[in-house]
């Protein structure tokens, strides 16, 4: 017969908790980076240095006939950029780099192997 004492249960619990915390550390660190991006975007928006994301998304979703799935805000060589992954109505994925100051599309990349076509449907 196996006897479990309170001390052995406590050791098991603390060991499991320590392992969980070690596994979660990289996720917590990634969240801090995302929080920094969020703070930078909020500050730029409040200072009137960038367009609101909703304004940019409305234009992009209309012009490229799709729905945004993922958006990242970053600063690239002093320029604020929205990186937008868009699922177009025809099922194709496109990645857009958009100038956050004026909403101009700077770059488009399709997620289709072997095709180098422009993602804009009206061109």
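The values are calculated or read from the model by the stated rules, or taken from the named source; none is laboratory data. Predicted model only: the values in this text are computed from it and were never measured. Using ideal geometry, Cβ is built from the backbone for each residue, glycine included, and neighbour counts are taken over all protein chains shown.
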Among the residues in the range 113-120, are any modelled with pLDDT under 95, under 15 Å from residue 67 (Cα atoms) and surrounded by fewer than 12 Cβ atoms within 10 Å (Cβ to Cβ)?
no
Every residue from the range 83-96 that is surrounded by fewer than 18 Cβ atoms within 10 Å (Cβ to Cβ) and not in a loop (DSSP other than H, G, I, E, B):
83, 85, 87, 88, 93, 95
Please enumerate the residues belonging to the range 62-82 that are surrounded by 16 or more Cβ atoms within 10 Å (Cβ to Cβ) and closer than 22 Å to residue 38 by Cα.
68, 71, 73, 80, 81, 82
